Amino acid sequence: MIEFDPADPPRSSTFLIEGTRVPVARALPILLRDEHWGPRARQALEMVAEGRLVPAISPGGYDMWRITGAPGEFFDAIADTLPRTPAAHLVVGGPEYASMEPQKLDTSATLRITVDFDAMQLRASMATDVLAIRRAAMVWHPLERMLDTATPGDIVLSDAEVGELLGAGVRLLTEAGIQVRWPAEVVRDLTASAVLSGSPEAGRFDLGWQVELRGQALTPSEMGMLAEAHRPLVRLGEQWVLVDPALARKARDRILDPLPTAAALGAALTASTEVDGEQVPVVATGWLETLRERISDPDAGPPVDPPAELNASLRDYQLRGLRWLDRMTALGLGCCLADDMGLGKTITLIALHLLRRGPMLVVCPASLLGNWEREIRRFAPGTPVRRFHGTARSLDDLDGVVLTTYGTMRVDAETLAAQQWDLVVADEAQHVKNPGSSTAKALRTIPSAARVALTGTPVENHLGELWAILDWTTPGLLGTLPRFVARWGDSPAGLAPLIRPFLLRRRKTDPGIAPELPPKTETDRPVALTPEQVGLYQALVAETMAMIRASSDMARRGLIMKLLTGLKQICNHPAQYLKENSPVLPGRSGKLELLDELLDTILSEDGAVLVFTQYVTMARLLEDHLTTRGIRTQFLHGGTPVPRREEMVDRFQNGSAPVFLLSLKAAGTGLNLTRADHVVHYDRWWNPAVEDQATDRAYRIGQTRPVQVHRLIAEGTLEDRIADMLRAKKNLADAVLGSGEAALTQLTDDELAELIELRETW
């Protein structure tokens, strides 16, 4: 464990290494080898190598070397030790900045700028010692001429030097402890903002520079004077003004490339846009500013009454969601309703359709077709609804609501795109989170007056998924994907003003959202491996790790994935790993024994349970085992036909089969299974968001009983280790959340061995 203890000056800082305080200079070789401090120390050294080292004065008035633009005290502590060599005094002209002992300096050094209005020249002078001038000249080179004059400390600045001083020069001198005082007769308070103006009829908005002096916009004649000026000192009205050459160029080239409507709205919401590769402040005017104010607050605007044809009473938060959807779609703006699973996104969209009344296309997973049709017939009786799915699909006499699947939409996009849709809805929109997929591309070809995405997980892995959804609902709002990631990837917190108007996110735990929902209890259930499982686990680890250590690249990654899959199957049941036909199941798996105990208790209390597994083979083994025990069960997987799915949901909901086995991928979204008061995750998906979606099949609006979630975890195994990391949110957990098991293929052999090692807990 290494701890940094900053001090003034920075070279007096120390590092606490294994209980011993070590000065920075001696600690540097150790820091470079440390996993945490090494990358930062190397970054500091690279900055010094780039020539970013300058002399400065510490807060306490001591000599110090610092890195310009360094992100913290640690970097200055490293930099302050490096130049202190016997040759350093030749550069700075004295013992200051060369000695390891702190040197107290005169901190009153000031660079004074005066103006000769007759000659229209600016003069720089420093009434101080040569050392201060030398220090200043090291960070701003034009001041070197002061040392060449008979009386050091006085030079005339060229126009180019004044412009340079107005820009980076002041910052560099300030960092070095040199104050810059400008003449009282002139001001340097000119600022420039990019201004957006226009109306949507043109399909674009004009972008140009507006220059202000102390908050007041310059008049057209003043802008003309500024544009024509070729010197950094300009007379504007009764005031002499110092003008940065870059700002003068903005006055000359006032008109920039126009922005399309969506991009202009994004700029108005964030109050910034990109010009020549840099973010600049933006001021929106007219129609655009009115629109920005109108959509910034999702709860703003007059209330919306639910349509008379809606055969249901909407909850307060659903009414607010309907008002938001109605306002956004009426403006022609797409949006994403990202409420938690089970909060009633479907009924809210049905109400929106009844308000708008135009033909609506709903694209959803196959498992949700029946749910959408039942909900429409129940809550909007009399509304025409049809499925565009299967062999006999037609869009003749288009009216009401059309339901289709992502698969059908992909292969028949041309037919769907030929229709005049009022609204296109993408349910479980995370299915098109990859913008390069054929499904996402097909969805983009279907035109409509407005688009709405529905998802409980707008971001599962990375911000690119959010971009994919919102770039479909409102194309162009977020710019291109590379620019979006480059701008927001490291600081997503700043996204809020841009995203908030287009994405409404409510959670079950939010105050006032779903107070009628009963409590949910989540429990990790550790189980011991049987002796058979222990033997198989250890043998697979030993055999495969030897192969992994001897392989490289693609072969190594394939072996790791095979190892992880095998270990998880062993933890489930030896019969799954060994691919046994007609196996004997009892007594061979700790998980199966615990599942039997849980089911005995649940069923004795007239409960119902969902059992999720990612392996179809394991689900079939469980189905055979429970049938042998006389327990009524059923199994839903990816190959289950849509009509059969609906029958199985009805059968479970009416109590005919109290145990429902489900494939996590096929049944993790969309199903309404509120008969269940228990959820068992037989094996882990290693992505809490996916598991939560599966749990929400039971824990949703309509659930009246407390829900208990049981996660089965084999003790001492890979499962145990991953569960710990997910709970603690350690570094590796972030990688697992992002790309699941594939992230583990990037581990070193030693890291992998430590992760999968079987540790005794029995």
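The values are calculated or read from the model by the stated rules, or taken from the named source; none is laboratory data. The structure displayed is predicted, hence computed values, not measured ones. Heads up, the Cβs are rebuilt from the backbone with ideal geometry, glycines too, and the neighbour counts pull from every protein chain shown. We work out accessible area using only protein heavy atoms, side chains counted, and drop any ligands, DNA or RNA first. Shrake-Rupley method; radii C 1.70, N 1.55, O 1.52, S 1.80 Å.
Determine whether residue 664 is within 19 Å of residue 697 (Cα to Cα) and in contact with a Leu (Cβ under 7 Å, 6 or more places away or on another chain). No: the conditions fail for residue 664. Identification of strands (runs of 3 or more DSSP E) wholly contained in segment 197-285 with 2 or more residues that are free of Cβ contacts under 8 Å to residues at least 24 places away in the same chain yields 233-236. In segment 199-222, the qualifying residues are those that are among the aliphatic types (A, V, I, L, M) and out of contact with any Leu (no Cβ under 8 Å at 6 or more places or on another chain), and the one that is farthest from residue 262 (Cα to Cα) is 217. One residue is enough: does segment 255-274 have a residue meeting the conditions at pLDDT below 85 and either in contact with an Asp or Glu (Cβ under 8 Å, 6 or more places away or on another chain) or at positive phi (or both)? Within segment 255-274 (the criterion being at pLDDT below 85 and either in contact with an Asp or Glu (Cβ under 8 Å, 6 or more places away or on another chain) or at positive phi (or both)), the answer is yes, since at least one residue qualifies.
Total residues in segment 358-397 satisfying the condition of being surrounded by 14 or more Cβ atoms within 10 Å (Cβ to Cβ) and farther than 20 Å from residue 645 by Cβ: the figure is 8. Of all the listed residues (59, 55, 39, 29), the sole one being of a type outside the set (Val, Ile, Thr) and assigned to a strand (DSSP E or B) is 55. Which one is surrounded by the most Cβ atoms within 10 Å (Cβ to Cβ), of the residues in segment 420-437 that are out of contact with any Cys (no Cβ under 9 Å at 6 or more places or on another chain) and at pLDDT 95 or above? Across segment 420-437, the extreme among qualifying residues is 424. State the number of residues belonging to segment 332-357 that are among the charged types (D, E, K, R), more than 26 Å from residue 467 (Cβ to Cβ) and open to solvent by less than 10 Å² (accessible area, probe 1.4 Å). Final tally of qualifying residues: 0. Beta carbons closer than 9 Å, at least 6 apart along the sequence or on distinct chains, never pair a first residue in segment 441-464 that is within 25 Å of residue 358 (Cβ to Cβ) and acidic (Asp, Glu) with a second that is open to solvent by less than 60 Å² (accessible area, probe 1.4 Å) and modelled with pLDDT under 80.
For (1) under 18 Å from residue 362 (Cβ atoms); (2) crowded, with 17+ Cβ neighbours inside 10 Å; (3) touching a Lys or Arg at 6+ places or on another chain (Cβ under 7 Å); (4) of a type outside the set (Phe, Trp, Tyr), each residue gets a yes or a no:
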residue	(1), (2), (3), (4)
412	yes, no, no, yes
416	yes, yes, no, yes
455	yes, yes, no, yes
459	no, yes, no, yes
468	no, yes, yes, yes
471	no, yes, no, yes
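For segment 572-594, the set of residues classified as among the hydroxyl-bearing types (Ser, Thr, Tyr) and out of contact with any strand residue (DSSP E or B) (no Cβ under 9 Å at 6 or more places or on another chain) consists of 577, 582, listed by residue number.
For segment 1-26, the set of residues classified as part of a helix (DSSP H, G or I) and open to solvent by less than 40 Å² (accessible area, probe 1.4 Å) consists of 10, 11, 24, listed by residue number.
The residues listed here are 638, 630; of these, the one that is assigned to a loop (DSSP other than H, G, I, E, B), open to solvent by 10 Å² or more (accessible area, probe 1.4 Å) and either at pLDDT below 90 or in contact with a Phe, Trp or Tyr (Cβ under 7 Å, 6 or more places away or on another chain) (or both) is 638. The selection criterion, being on the phi < 0 side of the Ramachandran plot, out of contact with any Gly (no Cβ under 9 Å at 6 or more places or on another chain) and open to solvent by 30 Å² or more (accessible area, probe 1.4 Å), does not hold for residue 442. For segment 27-83: of the residues being acidic (Asp, Glu) and more than 22 Å from residue 101 (Cα to Cα), which is most open to solvent (accessible area, probe 1.4 Å)? So the residue we want is 35. Entry remark, segment 283-303: residues being open to solvent by less than 40 Å² (accessible area, probe 1.4 Å) and at pLDDT 90 or above number 4 in total. Pairs linking a residue in segment 587-613 that is open to solvent by less than 60 Å² (accessible area, probe 1.4 Å) to a residue that is among the acidic types (Asp, Glu) and modelled with pLDDT of 95 or more, with Cβ atoms under 7 Å and 6 or more positions apart or on different chains, are 588/532.
Note on segment 420-455: residues that are not in a helix (DSSP H, G or I) and not aromatic (Phe, Trp, Tyr) total 24. Among the residues of segment 305-331 satisfying the criterion of being among the aliphatic types (A, V, I, L, M), within 18 Å of residue 452 (Cα to Cα) and out of contact with any Ser or Thr (no Cβ under 8 Å at 6 or more places or on another chain), which is surrounded by the most Cβ atoms within 10 Å (Cβ to Cβ)? Per the stated criteria, the residue is 328. Answer yes or no as to whether residue 204 is open to solvent by 20 Å² or more (accessible area, probe 1.4 Å) and within 25 Å of residue 264 (Cα to Cα). The answer is yes for residue 204. Contact map, segment 652-674: residues that are more than 22 Å from residue 687 (Cβ to Cβ) paired with residues that are modelled with pLDDT under 90 and not aromatic (Phe, Trp, Tyr), Cβ distance under 6 Å, separation 6+ or inter-chain. Pairs shown: 674/702; 674/703. Of the residues making up segment 312-355, those that are closer than 16 Å to residue 701 by Cβ and either free of Cβ contacts under 8 Å to residues at least 24 places away in the same chain or more than 30 Å from the chain's Cα centre (by Cα) (or both) are 312, 313, 314, 315, 319, 320, 350, 351. In segment 690-720, the qualifying residues are those that are open to solvent by 30 Å² or more (accessible area, probe 1.4 Å) and not in a loop (DSSP other than H, G, I, E, B), and the one that is farthest from residue 745 (Cα to Cα) is 708.
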